[in-house]
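Peer 1: Sharing a structure below in structure tokens format, with a few things to ask.
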Amino acid sequence: HVQLVESGGGLVQPGGCLRLSCEISGNFRDPYAIGWFRQAPGKEREGVSYISINDSSTYYAESAKGRFTISRDSAKNTVYLQMNSLKAEDTAVYYCATDPTPNSLTVATMGSRIFGTWGQGTQVTVSS
């Protein structure tokens with residue numbers, strides 16, 4: 001099985017920055033994409049960004065464009081989400097995600113990709 005572990009969350013002031021990391025381990029066939037979702041209290045989980053593995057193409061939600069950058073370090077099996085110019089509206093639990101499996105219970109779409117394997121999440125709080 002594949003395991004996704006997020007890190008890098010924390011408390012930051014508006015206008016600040018954070019870099020989230022998603023470490024990927026376990027047995028899996030080449031994924032199609034690694035993505036980031038977020039969920040604020042009382043709100044639906046929403047896609048933020050993903051990177052395709054085969055061609056490194058990227059997708060950004062409108063709320064992330066111009067502020068967030070997703071990247072991948074294949075040697076470290078790690079995907080990063082660099083978040084700049086953070087706003088209070090960015091406060092949420094951020095989840096790393098990848099391809100679904102036949103056992104996936106929760107499936108979500110973002111852009112043209114489907115995700116169904118999830119990390120445990122890391123809290124991002126943007127507040128003064």
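The values are calculated or read from the model by the stated rules, or taken from the named source; none is laboratory data. From a predicted model like this one, the values you see are computed outputs, not experimental measurements. Neighbour counts are summed over all protein chains in view; Cβ atoms, including those assigned to glycine, are modelled from backbone coordinates with ideal geometry. For the accessible areas, the whole protein counts, side chains as well, though only heavy atoms, and no ligand, DNA or RNA atoms are used. Shrake-Rupley method; radii C 1.70, N 1.55, O 1.52, S 1.80 Å.
Peer 1: Can you tell which of 89, 44, 23, 62 is part of a strand (DSSP E or B) and of a type in the set (Asp, Glu)? Full working, then the answer.
Peer 2: Numbers: 89 fails: part of a strand (DSSP E or B); 44 fails: part of a strand (DSSP E or B); 62 fails: part of a strand (DSSP E or B).
Exactly one of 89, 44, 23, 62 is part of a strand (DSSP E or B) and of a type in the set (Asp, Glu), namely 23.
Peer 1: Give me a count of the residues in the range 92-125 that are more than 16 Å from residue 58 (Cβ to Cβ), in a loop (DSSP other than H, G, I, E, B) and over 13 Å from the mean Cα position of the chain (by Cα).
Peer 2: Looking only at that region, the number is 8.
Peer 1: Which count do you get for residues in the range 67-83 that are open to solvent by 40 Å² or more (accessible area, probe 1.4 Å) and in contact (Cβ under 8 Å) with a residue 12 or more places away in the chain? Write out each step before concluding.
Peer 2: Taking the range 67-83 and keeping what is open to solvent by 40 Å² or more (accessible area, probe 1.4 Å), we get 69, 71-77, 82.
Next, only the ones that are in contact (Cβ under 8 Å) with a residue 12 or more places away in the chain stay: 69, 71-72, 76-77, 82.
Total meeting the criteria: 6.
Peer 1: Here's a follow-up. Of the conditions (1) surrounded by 15 or more Cβ atoms within 10 Å (Cβ to Cβ); (2) closer than 16 Å to residue 3 by Cα; (3) over 15 Å from the mean Cα position of the chain (by Cα), residue 86 satisfies every one except a single condition; which number is it?
Peer 2: (2)
Peer 1: Limited to the range 65-86, what total is found for residues that are in contact with a strand residue (DSSP E or B) (Cβ under 8 Å, 6 or more places away or on another chain), under 19 Å from residue 124 (Cβ atoms) and part of a loop (DSSP other than H, G, I, E, B)? Spell out the reasoning first.
Peer 2: Narrowing the range 65-86 to residues in contact with a strand residue (DSSP E or B) (Cβ under 8 Å, 6 or more places away or on another chain): 67-73, 76-84, 86.
Subsequent filtering for residues that are under 19 Å from residue 124 (Cβ atoms) retains 67-71, 78-84, 86.
Now drop any that are not part of a loop (DSSP other than H, G, I, E, B), which leaves 67, 84, 86.
Within the range 65-86, residues that are in contact with a strand residue (DSSP E or B) (Cβ under 8 Å, 6 or more places away or on another chain), under 19 Å from residue 124 (Cβ atoms) and part of a loop (DSSP other than H, G, I, E, B) number 3.
Peer 1: Could you count how many residues in the range 1-42 are over 28 Å from residue 127 (Cβ atoms) and open to solvent by 20 Å² or more (accessible area, probe 1.4 Å)?
Peer 2: 12
Peer 1: Tell me which of these residue 45 doesn't satisfy, since it passes every other one: (1) in contact with a Ser or Thr (Cβ under 8 Å, 6 or more places away or on another chain); (2) surrounded by 15 or more Cβ atoms within 10 Å (Cβ to Cβ); (3) under 26 Å from residue 13 (Cα atoms).
Peer 2: The number of the failed condition is (1).
Peer 1: Check the range 103-111 and report whether any residue there is without any contact (Cβ under 8 Å) to a residue 24 or more places away in the chain and hydroxyl-bearing (Ser, Thr, Tyr).
Peer 2: Here is the first cut: in the range 103-111, the residues without any contact (Cβ under 8 Å) to a residue 24 or more places away in the chain are 103-107.
Next, from what is left, pick out any that are hydroxyl-bearing (Ser, Thr, Tyr): 104, 106.
Yes: the range 103-111 contains one or more residues that are without any contact (Cβ under 8 Å) to a residue 24 or more places away in the chain and hydroxyl-bearing (Ser, Thr, Tyr).
Peer 1: Using the structure shown, decide if residue 98 is of a type in the set (Ser, Thr, Tyr), in contact with an Asp or Glu (Cβ under 7 Å, 6 or more places away or on another chain) and open to solvent by less than 30 Å² (accessible area, probe 1.4 Å).
Peer 2: Considered against the rule, which asks whether it is of a type in the set (Ser, Thr, Tyr), in contact with an Asp or Glu (Cβ under 7 Å, 6 or more places away or on another chain) and open to solvent by less than 30 Å² (accessible area, probe 1.4 Å), residue 98 comes out as no.
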